[in-house]
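In what follows, a single structure is set out as structure tokens and then discussed.
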Amino acid sequence: MKKTVLILAIVLSTVNLFGQNISGRWNGLLNIHGRELRIVFDITRTGKSYSATMDSPDQGAMGIPVKTTSYSDSILTLFIEEAGIEYLADLSKENTFVGLLKQSGELFPLVLTKEKIKPTKQARVERPAMVSESHSYYIEDITFQNRKDNITLAGTFTLPIAGKKSPAVILISGSGPQNRNAEAFGYKPFEMLADYLTSNGIAVLRFDDRGTGSSTGNFENSTTADFATDVEAALSYLKTRPEINTSKIGLIGQSEGGIIAPMVAAASIDVSFIVLLAGTGVPGDELILLQQQLTGQVSGVGEMKLLNDKIINEEAVRLVANETDEGLLETEVQAILTEEITNHSDSKLPLGIAQQELVNQQVKQLTSPWFKFFVKHNPALVLQKVTCPVLALNGEKDLQVPANINLEAIKNALDKGGNKNVEVKILPGLNHLFKKCSTGSPAEYAAIKQSISPDALYEIGKWIIRKTN
């Protein structure tokens, strides 16, 4: 769950580019809660357009493609889809880009210059191999159709070489545009999960989100309900594969995927089990406010500021959840944010961002189709309709979907619906992404030297094998 309320959503421009040529190698030093990481953008100009790649040398991630590169009126905007990174900066008179980098709902100042930055004394983060080079299973890149929305989804299908029909799962990613591997900073948790499961006899289908990677469609204007139709299309595709035991097809949803999996399972008798990885049990509006309180506390935000932010956030979320007039909603949210930023300009106005621009960007995020659906959605009402076996796992240190309150809500909803085939478990020391961590803060995500905890892999695989044998 990467989207949070009242956090700057950087607007990505697609206009043609004019003015100064900014081609070259731009270097910056990113400070993530005391850890310094070098960031390098290689920007190339072709005609009036720019393209770019990103390196993170201290994490061993090189040549990461930048999906959107725009430069106009001294403003640079970059979107790195693989890492879920957005960067917005202004070119100063000193030929330096001064701006903000956004990842996992957090903002970090980042200054880019043409001067090379030396490595820090911190140890370089080594990336573990995601999948062994010699596979003991069959791999196929596939496409399938979501005929309801007329889009083509592209993915990877892995199949055990077993000589018999295999059980299968569909992997469902969390919020934000994700490729089939749920890739960020060179780590590929869905590839690793697929490798683990397929090596243990379970076929896996994972796919690029609509409008992402090789999949067509529009991501920006889609909601969780739209993404559920993509999973339904994946389910229909698996049913056409003769290698699959169609009575044993399950869904594994992470974060927002843990909202989608029950939606599909409640509507289809073809889903034989679901696994919820940091799935939500409480309503979206409650979760957003709880998220911000917990991440603020672990980041050292003072009690008075937390209280003030809670009041403002509650008012904004209430408006989004209840106001049906689109024009009036935008006007009222804009008024709230303008007043808040004006009264707290010393702490609320990020470097290099004009006040009105900041307000407009936040209004766009808060009134987007995705956010409006999310704050109005109560997952418990859907969970009550799920009758297949359910495994719900959360990391003990998850601050985005806190374990205790959400697992309790999930269990209560399933019990209310009469589903007794349920197992819930908290995994010690793991964060929202099921990585070993110190605090659980999203600011730690990029620096953790792990794709997904072996403890999580074991619990998922053990349960699925038990349910499909």
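Just so you know, all these numbers are worked out from the coordinates, no wet-lab data involved. Quantities reported herein were computed from a predicted structural model and do not represent experimental measurements. As a convention, Cβ positions derive from the backbone with ideal geometry for all residues, glycine included, and neighbour counts pool all protein chains shown.
Quick check: the angle from helix 257-267's long axis to the longest principal axis of the chain, C-alpha only, nearest 10 degrees? So the helix axis and the longest Cα principal axis differ by about 40 degrees.
In terms of overall dimensions, the C-alpha atoms belonging to the stretch 24-112 reach 38, 27, 22 Å along their principal axes, ordered largest to smallest.
Extension gain for TYR458-ALA267 works out to 65.9 nm (0.36 nm per residue, less the C-alpha to C-alpha distance).
For the stretch 284-375, the direction-averaged projected area of the alpha-carbon convex hull comes to 6.0 nm².
Each Cα pair of the chain feeds into the Kirkwood radius, which the Stokes-Einstein equation turns, at 37 °C and 0.692 mPa s, into a diffusion coefficient of 142 µm²/s.
Summing Cβ point charges (Lys, Arg +1; Asp, Glu -1) relative to the Cα centre of the stretch 284-375 gives a dipole of roughly 300 debye.
For the stretch 24-112, the relative contact order is 20 percent, taking Cα pairs closer than 8 Å that sit 6 or more residues apart in sequence and dividing their mean separation by the residue count. In the chain, the longest principal axis of the Cα atoms and the axis of helix 224-239 are about 40 degrees apart.
Its residue count N sets the reference 2.2 N^0.38 Å, and the alpha-carbon radius of gyration of the stretch 374-463 equals 1.17 times that reference. Taking the centroid of alpha carbons for each part, the stretch 176-252 and the stretch 51-78 are 26 Å apart. Listed by Cβ neighbour count within 10 Å, with the fewest neighbours leading, MET62, MET263 appear as MET62, MET263. What is the Cα centroid distance between the stretch 355-381 and the stretch 402-469, reported in whole angstrom? So the two Cα centres are separated by 26 Å.
Using Cα-Cα distances under 8 Å and only pairs 6 or more residues apart, what relative contact order does the chain have, in percent?
Values: 1002 pairs, mean separation 65.8, N = 469.
Relative contact order of the chain: 14 percent.
Shape analysis of the stretch 240-329 places it in the oblate category; the axes a ≥ b ≥ c from the Cα gyration tensor give an a/c of at least 1.5, with a/b not above b/c. When peptides 140-148, 282-290 are ranked by their average number of other Cβ atoms within 10 Å per residue, the highest-first order is 282-290, 140-148.
For the modelled label position 7 Å from the Cα of GLU408 along Cα-to-Cβ, which residues of the stretch 246-283 have backbone nitrogen atoms closer than 19 Å? Residues 278-283 qualify, since their backbone N sits under 19 Å from the label point.
So what is the relative contact order of the stretch 284-375, in percent, for Cα pairs below 8 Å that sit 6 or more residues apart? Walk me through the numbers on the way to the answer.
Values: 50 pairs, mean separation 32.2, N = 92.
Across the stretch 284-375, relative contact order equals 35 percent.
I need the shape label for the stretch 217-280. Rule: rounded when a/c is under 1.5, else prolate if a/b > b/c, else oblate, with a, b, c from the alpha carbon gyration tensor. Please report the intermediate quantities before stating the final value.
Working: a/c = 2.28, a/b = 1.38, b/c = 1.65.
Oblate.
Compared with the dominant principal axis of the Cα atoms in the chain, helix 303-322 is inclined by about 70°.
Between LEU307 and MET62, the modelled label-to-label distance comes to 5.3 nm, taking each label 7 Å out from Cα in the direction of the beta carbon.
In summary, the lysines within cross-link reach of LYS165, defined as a Cα separation below 18 angstrom excluding same-chain residues under 8 places away, comprise LYS239, LYS248, LYS467.
Write out the trypsin sites (Lys or Arg not before Pro) in the stretch 385-448 meeting two conditions: DSSP loop, and at most 10 other Cβ atoms within 10 Å of their Cβ. Please list the in-between numbers first.
On the way: sites: LYS385, LYS397, LYS411, LYS416, LYS420, LYS425, LYS435, LYS436; in loops: LYS385, LYS397, LYS420, LYS435.
Qualifying residues, ordered by number: LYS420.
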